[in-house]
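Below is one structure, written out as structure tokens; comments come after it.
Values quoted throughout were computed directly from the atomic coordinates according to the rules given, and no laboratory measurement underlies them. On a predicted model such as this, the values are computed, not experimentally measured, just so you know. Methodologically, a virtual Cβ is constructed for each residue, glycine included, from the backbone with ideal geometry; neighbour enumeration extends over all protein chains shown.
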Amino acid sequence: MSTSKVATEQHIDQFFPGPMLTAAGNVYFRIWAPACDAIAVEIEGQARPFPLTRVSEGWFELDTGQATTGSRYRFVLPDGTKVPDPASRFQPEDVHGPSEVIDPNAYSWSDRDWKGRPWEEAILYEIHLGTFTQEGTFEAALKKLDYLVEMGITAIELMPIADFAGERNWGYDGVLLYAPDSSYGRPEDLKAFVDAAHSRGLMVFLDVVYNHFGPEGNYLPLYAPQFFTDRHTTPWGPAVNLEGPDSRPVREFIIHNALYWIQEFHFDGLRLDAVHQIVDESPTHLLDELAARIRAAFRDRRVHLIVENEENEADRLSRDNPNLAFYTAQWNDDVHHALHTAATGETKGYYADYCGDIHKLGRALAEGFSFQGEMMPYRNEPRGQPSRQLPPTAFVAFIQNHDQVGNRAMGERIGGITSPEALRVIASAYLLAPQIPMLFMGEEWNSARPFLFFSSFGPDLAGAVSDGRRNEFANFPEFKDANLLERIPDPQARTTFVASKLDWEAIATKDHGEWLTIYRQILNVRKEIIIPRLSRFQTGGHYEIVAGAGLVVHWETSAHEHLRLHANFSPTPLNGFPSVRGREFWKVGHVSVDGTLGAFSLSWSLYE
């Protein structure tokens, strides 16, 4: 594939999409539109569209002095359809409007000495920008950074921010992957947020979605249908073309997007959503190539890559050869499901495979995955790979996240469906375990505010989304009553979005303030006891079951330090636990010297 003289002089990668500012002060437009014989760009304020020159293999380009920073533009297809730039850096009028030329070097960064933090120091905090504050903006979120630091958080994980249709969305319906959604602010506002976080020692991670595009505002099929394939399907429709004819530009579009967020916005890493739905049968899977390219591009910075992977593929987390690209960690759903069912007794759906099975909980805490190749009844197929050979830091543990709360019909948080005693013991378990902990915004004060599923699609999709949400729960026993089914919040209603905004005022009340104090205390203990030793936990631990329902979990560092958890996650006292050895640094409930643990009780200890 050839590049223009302009692109070559600027050392622009031939696959990099989006407009560039040239040394001469012009704007260099380019687009991959293999289904078009001709394409033009309409620049606001200009009397006519300007035709682009076709160079090769579907690429079109134009170097023009008729545009500058701040110019708004659209590409014009042969039939007159006007579309945004697929690599737009900003959409001031949402996904159907014009794109805006952004100067990527205009923002003056103050974090030039920032090289990131070791992964072992990560205490993650998941945020949805639109509901984290009342304003729902980057600027408003910046004002909460000091609060997060004081609480003990060291890393922020943003739910997806790529431009989506409408003014509210979880973010997993993004269609313009390079443009921060305008409902949250401008690109420079996002940069200011990351810059301010780094000045406070906070890492910032971004959730990205590479397995599908959202249902509204995706114009790619009109001029680049090769972007998709009917050889594979996903739960959201046709799969992205990663292996067939013309797949190279598609792969590069995605890989450059990952590089773009880290380079241009200084993110400390990415969390890749649902990678098990990234279908690629080529010799080098996209995930492998993407990780290798990122590792090669950022050798002078600590960049961490996290995956969500339903298949529990331990191979993607392997540390056996440090020269190979690998993923830093995986969201550990098994820990969540096992702790959730221990605290709630729920048996619906996949929870049935964990509820009442203390073995699953012990294995998830000690070794990472509960399912390591065994048959999973809910899926009716084997799941997972052996994982005990991995360090505990290869797993991200949590008791809440956007999925596990928001996919409930009423968006209830776990504090609303279990007792305070049970919640305290499972929080103490995951926050002090040698896996990397992740809190969901508001968890630390046991927020009673729900996190609901919400969107704001246009009229062509609105009704189907609203009906689909209720139909999703129509067969659940608790919603057999039609009146109850009708109470499920409408995802398209603005009130559903507003109801999901955090109740910051609750911190001032006694009960919620006490929860915040507990979380701060636990995180202080983690920083004192656990984090300094994490790099020395090189493999998983061991567990044993006590009295049928209790657990003893044991990890050993390379320096022969022993971390031990004694836990009773049941509502009944249990006998038969070994004596606590060494320093007991955190305790919940009743732990006696004779080996009895009261209901929902726990002890963490350290000895050599």
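Descriptive notes on the structure:
- Each residue of region 464-474 is assigned a 3J(HN,Hα), and the resulting list reads 5, 5, 5, 5, x, 4, 6, 5, 4, 10, 4 Hz, derived from the Karplus form 6.51 cos²θ - 1.76 cosθ + 1.60 (θ = phi - 60°), x at Gly and Pro.
- From the largest down, the chain spans 86, 59, 48 angstrom on the principal axes of its Cα atoms.
- Long-range HN-HN contacts of Y210 with modeled amide H, under 5 Å: D273
- Once you reduce region 523-589 and region 191-257 to the center of their Cα atoms, the two points are 41 Å from each other.
- Counting only residues at least eight positions apart within a chain, or on another chain, the lysines with an alpha carbon under 23 Å from that of K480 are K348.
- Here the gap between F50 and D467, fully extended at 0.36 nm per residue and compared with their Cα-Cα distance, gives a gain of 145.7 nm.
- Summary value for the chain: 10 percent relative contact order, contacts being C-alpha pairs under 8 angstrom separated by 6+ residues.
- Estimated inter-spin distance, K587 and S419, nm [label 7 Å along Cα→Cβ]: 2.0
- For the set K82/K501; K143/K587; K115/K144; K115/K510; K115/K527; K360/K501, the pairs lying more than 29 angstrom apart at their alpha carbons are K82/K501; K143/K587; K115/K510; K360/K501.
- Seen from every direction in turn and averaged, the convex hull around the alpha carbons of region 443-594 projects onto 14.8 nm².
- Length gained on full extension, R295 to E93, computed as 0.36 nm times the residue gap minus the Cα-Cα distance: 69.2 nm.
- Relative to the longest principal axis of the Cα atoms of the chain, the long axis of helix 286-297 lies at roughly 80 degrees.
- Packing, as the average of other Cβ atoms within 10 Å across residues, places the peptides 136-147, 563-574 in the order 563-574, 136-147, highest first.
- Reciprocal of mean inverse Cα separation for region 434-516 (Kirkwood radius, Å): 15.1
- Rounded to the nearest 5, the antiparallel percentage of DSSP beta bridges internal to the chain is 70%.
- In region 414-535, Cα pairs under 8 Å separated by at least six residues give a relative contact order of 37 percent.
- Looking at region 7-115, the GluC sites (Glu not before Pro) that sit in a DSSP loop and have at most 16 other Cβ atoms within 10 Å of their own Cβ are E44, E57, E93.
- Relative to the longest principal axis of the Cα atoms of the chain, helix 510-525 runs at roughly 90 degrees.
- Fully extended contour minus Cα-Cα distance, from E57 to E544, at 0.36 nm per residue: 169.3 nm
- Once backbone amide H atoms are built at 1.01 Å from N, F75 has E42, V83, D85 as its partners under 5 Å, excluding neighbours fewer than 5 places away on the same chain.
- Helix content alone sets the calculated 222 nm mean residue ellipticity of the chain: runs of n ≥ 4 DSSP H residues at -39500 (n - 2.57) each, divided across all residues, give -7000 deg cm²/dmol.
- Inter-centroid distance (Cα atoms) of region 391-425 relative to region 100-161, Å: 22
- Each Lys or Arg adds one and each Asp or Glu subtracts one; over the other residues with Cβ under 11 Å from the Cβ of F205, this totals -3.
- Take each peptide in 47-53, 528-534, count the other Cβ atoms within 10 Å of every residue, and average; sorted highest first, the result is 528-534, 47-53.
- Computed from the Cβ-Cβ distance with R0 of 30 Å, the FRET efficiency linking E281 to S318 stands at 0.90.
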